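One structure below.
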Amino acid sequence: MQLEDVIMNFIGGLILVIGVLVGVAFLTLLERKVLGYMQIRKGPNKVGYCGVVQPFSDAIKLFNKEQTFPMSSNYLPYYFSPVFSLFISLFCWLVAPFYSGLFVFNFGLLFFLCCTSLGVYTVMIAGWSSNSVYALLGGLRAVAQTISYEVSLALILMSFIFLSEGYSLIDFSFFQGYLWFAFLSFPLMIIWFASCLAETNRTPFDFAEGESELVSGFNVEYSSGGFALIFMSEYASILFMSMLFVIIFMGCNIYSFVFFMNLVLISFAFIWVRGTLPRYRYDKLMYLAWKSFLPVSLNYLVFFMGLKLLIMSLMA
C-alpha cells in the first residue's frame, strides 16, 4: 500500500470517528429533550440556543472533574476498561459501507460480531475491577444478557447472509433495490430491534445499570472521565446499531438523505422505548431470549435456506 493511501485512510478514519463522537453528543441532547417532553417539561434549554451547546458543556464538566479511585480496586483494569469500551464501540464503525472504498470489509458482519463479543469483556472487567458487590453483580448480569442475545443476532444475520451470499454490508444495498428486507421478514425486524436494546443495555433491558436494585450497576464506582467514556461508548453503540438496522432492513444507500432520516428515526425509537416501557424482570429477559427469539430465528434461518435452494434450483 502506498504512503498516500495510508495517510488518506488515516484522515478518513479520523473524520469518521469525529463525526460519530459529534453524533453521540447530539444523541444525548435528543434523548434529554425527548424524555423532557414525554414528562411534560422542557429538557435542556439554557446553554446556547434551545440548549444546543449543552452536550459540550456536559463533556467539559465531566472531563474537568477530579477522577476518584476506590482504594481496593484493581487499578489498571479499572482505569483502562472504559477506554477500551469506547475504542471497541468506535472500531465497529469501520465496517460502514462507504462506496468510496475508505475501508472495504468483505467480512464486515463477522468483524461486527467479533467487536460486539469483545465489548462483553470491557463491561465484565469494569464490574470486577471495582471490587464492589453491586458493580460485580451488574457486570455478571450484563455478560449473561449480552451473550444470550448475541445468539439471536448471529442467527438473524446468518439468514440474510444466505440471501445475499456475502458478509459485506455493501451487498445489502444490491439486494434491497426493489424490496426492503423489512417487508420480507417483519418478525425478524422486531426481534433484531429488541435484541439491539438488550445488547446496548437499554430500557427495558437495562439490568446491568438497574438503579432500583444495583445502585448504578457495573459503573457505580466510576466518576468524571471514566463515567463519560462508558456513557459515550453506550451511545456510540446505539448509533451503530441504528445504522446496522437501517442497512439490513431498509436499504443501504449511505449517500442518500433518506438513509440518515431512517437512522435518526431508529435512534428516536430507542429513546421512545426508554420513555414508555418499565424494566423487564430478569428471568423474563432470559426466557425471551432462549424460548422466544431463538426458536423464531432458527425457523427463519431454515426457511431462508430452503428459499435460497429453491431459487437456485429454479435458476438452474
Notebook entry, point to check: How many lysine pairs are close in the chain, with Cα atoms under 20 Å apart and the two 8 or more places apart or on different chains?
Noted result: 4
Item checked: Likely footprinting exposure, 117, 148, 195, fewest C-beta neighbours within 10 Å first -> 117, 148, 195
Check: At a Förster distance of 25 Å, what's the computed FRET efficiency of residue 253 paired with residue 17, Cβ-Cβ distance as r, to 0.05?
Finding: 0.65
Next item on the list: Note down the net charge around residue 113, summing +1 for each Lys or Arg and -1 for each Asp or Glu among other residues with Cβ under 13 Å from its Cβ.
Entry: -2
Next item on the list: Go through 167-177, 124-134, 294-304, 43-53 and give me the packing order, highest mean Cβ count within 10 Å leading.
Entry: 124-134, 167-177, 294-304, 43-53
Margin query: How much length would be gained if the chain were fully extended between residue 61 and residue 296, taking 0.36 nm per residue of separation minus their Cα-Cα distance, in nm to one decimal?
Written below: 80.0 nm
Next item on the list: May I ask you to sort 199, 150 by Cβ crowding, counting other Cβ atoms within 10 Å and putting the fewest first?
Entry: 150, 199
Notebook entry, point to check: Fewest to most neighbouring Cβ within 10 Å: what's the order for 189, 232, 315?
Noted result: 315, 189, 232
Note to self: Tell me the mean residue ellipticity at 222 nm calculated for the chain from its helices only (DSSP H runs of n ≥ 4, each -39500 (n - 2.57), averaged over every residue, nearest 500).
What the structure shows: -23000 deg cm²/dmol
Next item on the list: Could you sort 240-252, 60-72, 219-231 so that the peptide with the highest average Cβ count within 10 Å comes first and the rest follow in order?
Entry: 240-252, 219-231, 60-72
Item checked: Full-extension gain in nm, residue 277 to residue 69, via 0.36 nm per residue minus C-alpha separation -> 71.4 nm
Check: Between residue 6 and residue 158, what is the spin-label point distance in nm, taking each point 7 Å from the Cα along the Cα→C-beta axis?
Finding: 4.0 nm
Notebook entry, point to check: Under a point spin-label approximation (7 Å from Cα along Cα-to-Cβ), what is the residue 224-residue 287 distance to one decimal in nm?
Noted result: 4.6 nm
Item checked: Gain upon complete extension [residue 179, residue 307; 0.36 nm per residue less C-alpha separation] -> 44.5 nm
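Bear in mind these aren't lab numbers, they're just calculated from the coordinates by the rules spelled out. For clarity, every value in this text was computed on a predicted model and none was experimentally measured. Note that each Cβ is placed from the backbone with ideal geometry, even for glycine, and that neighbours are counted across all protein chains shown.
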